[in-house]
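The values are calculated or read from the model by the stated rules, or taken from the named source; none is laboratory data. None of these values were measured; they are calculated from a predicted model. Virtual Cβ from ideal backbone geometry, glycine too; neighbours counted across all protein chains shown. What goes into the accessible areas is simple: the full protein's heavy atoms, side chains included, and nothing from ligands, DNA or RNA. Shrake-Rupley method; radii C 1.70, N 1.55, O 1.52, S 1.80 Å.
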Amino acid sequence: LLLALVAGELGPVVIIPGDGSNQLEAKLNKPSTVSWLCSKKSDWFRLWLDTAMLIADTKCWADNIRLIYDEQNDKLSNNFGVETRVPGWGETSSFEELDPGLPGHASGVFLKMVEALVKAGLERGKTLRGAPYDFRYAPPSAQGAEFIVKLRQLIEDTATATGRRVSLISHSMGCLQTQYLLKNQSQEWKDKFVERWIPISGPWAGAVKELRLHASGDNQGVPLVSSLSIREEQRSYETNFWLMPMPRWFGNQTLVSTNSRNYSAQDYDAFFEDIEYKAGKQLFRRVADLTSDAEAPGVEVLCLYSLGVDTPVSLSYGSKGFDKQPDVVNGDGDGTVNDLSLKLCDRWKGPRASAERFANVTHAGMISNDAVIQRILEVLAKGAAPLNSFELLV
């Protein structure tokens, strides 16, 4: 009876975005710069994403956003003289659009989904909350650990303020962040505060595409930006190791090859030696066991993903070396994440978990796809239990 009282109304929602899917701001007071064209000092500005700055001043931008790894103390931090912050905690504004100045909502991320949820009755900042984060850091870093603590508190606060359990919606790396949170909470906490989780395009076992980024850089199709010019910056993100193909799932299949040898997920020490980024060995070890078991999270789940899009399954550098871009062999997936990785949530199927597969929708396209959004609305319309319903039923 108590559960039926709120059926038909959308209960509160917290959205956890993916890698690079929310804005990041910076303030500069740098002792030196990589070019006379770069600013040493500035007030707060949008570091991610300012498309014009990324294209026009790539070297300056990359130096401002990259992380510094102190191998001796196994610690990651901002570059010297760079202070960063994530705007809009608890709100959806910083991941609706990344660069609002672009015409036609060209940098829209969750904009379409958020607008659909608002139209269905949710209210921004009250029943529709957002959990943006510094997507460079994973939970082993202080910054990443702080995000997990804040996410837990946001869920509790939203449930308390609305009097109902919270539905979680995550995309891409946001699925790993949410998986890590849930993995480290008691079943009692999950039963009390979480109504359901809708992970979208989860890279449960990582993605082969990440290895290109480490080896030769990946400009992700951004015009006028050289992949090599951002390789050091991309290698510096802790999360870009969390997204690598996980050895327990990718086994011995060849992921990267040159004329002299092949590399599988079992060969990462050799891979990082050969791409001349030895620190990568330790950075991978920091994150390798965070979520790689891909175990069921202990809450009601609707896992959504897409197949049918060409997705890198192996990268061949031949005799070109790692300063050149590879020849890519494609397999199935969503264009970013491989089918093997996406389908791991099928293992959770049971009374509390289901998985639904879409066809020919890209990784990024999943969160703006009409059919996906409609399916999410249908599930949310089942309602949410009152926060204390389980205590009342005892």
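With respect to the stated conditions, residue 202 fails to be of a type outside the set (Asp, Glu), over 14 Å from the mean Cα position of the chain (by Cα) and part of a loop (DSSP other than H, G, I, E, B). Taken over segment 337-351, the criterion of being part of a helix (DSSP H, G or I), under 18 Å from residue 252 (Cβ atoms) and either open to solvent by 50 Å² or more (accessible area, probe 1.4 Å) or in contact with a Ser or Thr (Cβ under 7 Å, 6 or more places away or on another chain) (or both) is satisfied by 340 alone.
For residue 62, the stated conditions hold: it is more than 18 Å from the chain's Cα centre (by Cα), crowded, with 19+ Cβ neighbours inside 10 Å and not charged (D, E, K, R).
Restricting segment 354-381 to residues that are part of a loop (DSSP other than H, G, I, E, B) and either modelled with pLDDT under 95 or in contact with a helix residue (DSSP H, G or I) (Cβ under 8 Å, 6 or more places away or on another chain) (or both), the residue that is surrounded by the fewest Cβ atoms within 10 Å (Cβ to Cβ) is 368.
Taking into account only those residues within segment 78-93 that are hydrophobic (A, V, I, L, M, F, W, C) and surrounded by fewer than 17 Cβ atoms within 10 Å (Cβ to Cβ), which is farthest from residue 26 (Cα to Cα)? Among those that are hydrophobic (A, V, I, L, M, F, W, C) and surrounded by fewer than 17 Cβ atoms within 10 Å (Cβ to Cβ), it is 89.
Could you go through segment 340-358 and let me know if any residue there is under 21 Å from the mean Cα position of the chain (by Cα), more than 30 Å from residue 10 (Cα to Cα) and in contact (Cβ under 8 Å) with a residue 40 or more places away in the chain. Yes: one or more hits. Checked against (1) basic (Lys, Arg); (2) surrounded by fewer than 16 Cβ atoms within 10 Å (Cβ to Cβ); (3) in contact (Cβ under 8 Å) with a residue 60 or more places away in the chain, residue 192 meets all criteria but (2). Output the residue which, of all residues in segment 195-233 that are open to solvent by 10 Å² or more (accessible area, probe 1.4 Å) and of a type in the set (Gly, Ala, Ser), is nearest to residue 20 (Cα to Cα). Ranking the qualifying residues of segment 195-233, first place goes to 221. Taking residue 240, is it part of a loop (DSSP other than H, G, I, E, B) and not basic (Lys, Arg)? In short, no. Give the residue that is nearest to residue 62 (Cα to Cα), with candidates limited to residues of segment 251-274 that are in contact (Cβ under 8 Å) with a residue 60 or more places away in the chain and open to solvent by less than 10 Å² (accessible area, probe 1.4 Å). Among those residues, the one meeting the criterion is 271.
The conditions of being over 22 Å from residue 287 (Cβ atoms), open to solvent by 50 Å² or more (accessible area, probe 1.4 Å) and in contact with a strand residue (DSSP E or B) (Cβ under 8 Å, 6 or more places away or on another chain) are met by residue 39.
Please count how many residues of segment 66-90 are on the phi > 0 side of the Ramachandran plot and under 23 Å from the mean Cα position of the chain (by Cα). I'd like the intermediate steps shown before the answer.
Applying the first criterion (on the phi > 0 side of the Ramachandran plot) to segment 66-90 yields 74, 81, 88, 90.
Add one more test, that the residue is under 23 Å from the mean Cα position of the chain (by Cα), and what stays is 74, 88, 90.
Selection size over segment 66-90: 3.
Please note which strands (runs of 3 or more DSSP E) are completely contained in segment 279-334 and include at least 2 residues that are open to solvent by less than 20 Å² (accessible area, probe 1.4 Å), hydrophobic (A, V, I, L, M, F, W, C) and over 23 Å from residue 269 (Cβ atoms).
Working: elements: 301-307, 311-318, 327-331.
Those strands (runs of 3 or more DSSP E) span 301-307.
For segment 269-282, the condition holds for no residue, the condition being that it is modelled with pLDDT of 95 or more, farther than 25 Å from residue 175 by Cα and among the polar types (S, T, N, Q).
Per the listing 96, 115, the residue uniquely in contact with an Asp or Glu (Cβ under 9 Å, 6 or more places away or on another chain) and surrounded by fewer than 23 Cβ atoms within 10 Å (Cβ to Cβ) is 115. Remark: residue 150 falls outside the filter, which requires a residue to be over 20 Å from residue 295 (Cα atoms), assigned to a helix (DSSP H, G or I) and either touching a His at 6+ places or on another chain (Cβ under 9 Å) or modelled with pLDDT under 95 (or both).
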